[in-house]
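The values are calculated or read from the model by the stated rules, or taken from the named source; none is laboratory data. These numbers come from a predicted model, not from an experiment. Don't worry about glycine lacking a Cβ; one is built from the backbone with ideal geometry, like all the others, and counts go over all protein chains shown. Each accessible area value is taken on the protein alone, full model and side chains, heavy atoms only, with ligands, DNA and RNA left out. Shrake-Rupley method; radii C 1.70, N 1.55, O 1.52, S 1.80 Å.
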Amino acid sequence: MIMSVGRLTVFAALLASIMQVAFSRGAGDRCFCQVTGNLDDCACDVETIDAFNNDQLFPKLQKLLESDYFRFYKVNLDKPCPFWTDNNQCGMSSCAVQPCSPNEVPEGIKSSNHKYKRRFKVSHPMDFLTVVCSEKTREALQNWNLHDDEAERFCVIDDVESPDAQYVDLLLNPERFTGYKGPAAWQIWNSIYEENCFKGKSFVNWRLGKRAFYRLISGLHSSINIHLSARYLMDDNWFQKKWSHNVSEFQQRFDSELTAGEGPKRLRNLYFLYLIELRALAKALPFFQQSSFQLYTGQPRKDQAHKELLLEVLRLADTFPLHFNENSLFAGDEKEAGKLKEDIRLSFKNISRIMDCVGCFKCRLWGKLQTQGLGTALKVLFSRRQIDDLTKPNVPRPAFQLNRQEIVSIFNAFGRISTSIKELKNFRSMLADFR
């Protein structure tokens, strides 16, 4: 296909900028995206993560995320922004989300929401009340349980029973560059980073908490920027839309010389986020090993095969040799550490609310899913005792629970980070071709 003069000029300018930066370095210089060595706050190195993710975990995880249970996500994209009224909506077709029609979602998924609500069985003294008490009392007991769930969460979860909530096929609505940028997009990220404000008596705990929070947000921001650079709209005409890797865009976001030295730090924060979510998945293994847990879609053979694949992914995650130690961030005074955890929880809940202010609906979809996934990962990390109870035989009703929204989000969120680590390898290869 013949490229227009204007498009050819833009392409030539992009190519020139790439070559200028690439050849400005000596032949022996290491690429800016070749992050190496130990990560701050962790007893792990980048090379170990690259090998583990790219060669072992990534292929299995991607296969799992293509299954029906994980590809259909119920979300409310019509919630109003709770923080400001000037919410400019993206009018481009690339910003739109195509929801599922009723017959596209497996019946088992549509009917499975109730499977993850707490059920009362007459196996505990309190359960007797659910049989003999009035409907009003039973409703109050349900509300108490919902309050308990909400108190444990690090994010706001959409009400899946709302008429505005719709199922979305994540495979048919992939995360990629939509053209949503400028002041509206910057307002979102500025608001997110401004949540990094904690109060505490212990300067050490405050500093560690603030640093960890910033690194998580920066890592998420970096991961999203890698996705947008890897699936960039490179050709848009009457005949086709073509998304592919935009090396120049990647450089603009991460090259040390073009970011005042910040780019490589952002990439290191991506690896930090990877370790956090990998650790959470490994710690959640006892929950998913329960015989009562099923990836229910209404297709018994496939459901069982996918649960076996899920457990294979989690057991592989558990074998990672240099897991992050979350306890190191909250050492010292127990009361002060508890206050810091609560500050982080409330800050992440606010970030999940900010996602309802994103003007691009596809960006809002993936922003809500990834912040919910990170929030669920933090919920897992801070529920060690409750998860340990799952392995004890005489606990009638373990306190730790995950609903379907949390399960779908934590795996897909980690899938996005895993993809970012994999895409870094691709960008390194492309940049090497210009050297």
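Observations
- Scaled radius of gyration (Cα, divided by 2.2 N^0.38 Å) that the stretch 265-376 gives: 1.31
- Neighbourhood net charge (10 Å Cβ-Cβ; Lys/Arg +1, Asp/Glu -1) for HIS245: -1
- Accessible-area composition of the stretch 184-315, carbon plus sulfur, in percent [1.4 Å probe]: 53
- Karplus-based coupling profile of the stretch 252-265, in residue order and whole Hz: 4, 8, 10, 5, 4, 6, 9, 10, 6, x, 7, x, x, 5, with θ = phi - 60° in 6.51 cos²θ - 1.76 cosθ + 1.60 and x standing for Gly or Pro.
- For the stretch 369-410, the carbon plus sulfur part of the accessible surface works out to 44%, probe radius 1.4 Å.
- Percent RCO, i.e. relative contact order, over the stretch 367-411, from Cα pairs under 8 Å lying at least 6 residues apart: 59
- Taken about its Cα centre, the stretch 322-435 carries a charge dipole of about 400 debye when Lys and Arg each add +1 at the Cβ and Asp and Glu each add -1 at the Cβ.
- Selected from PHE288, HIS323, PRO300, residue furthest toward positive end of dipole (the stretch 269-327; charges at beta carbon): PRO300
- Heavy-atom surface of the stretch 341-435, accessible at 1.4 Å and reported per residue (Å²): 31
- THR391 contributes an accessible area of around 100 Å² to the protein surface, as traced by a 1.4 Å probe with all chains present.
- The peptide list 334-346, 160-172, put in order of mean Cβ contacts within 10 Å with the highest first, becomes 334-346, 160-172.
- Protection proxy ranking, peptides 370-382, 294-306, 244-256, 273-285, average beta carbon neighbours within 10 Å, highest first: 370-382, 273-285, 244-256, 294-306
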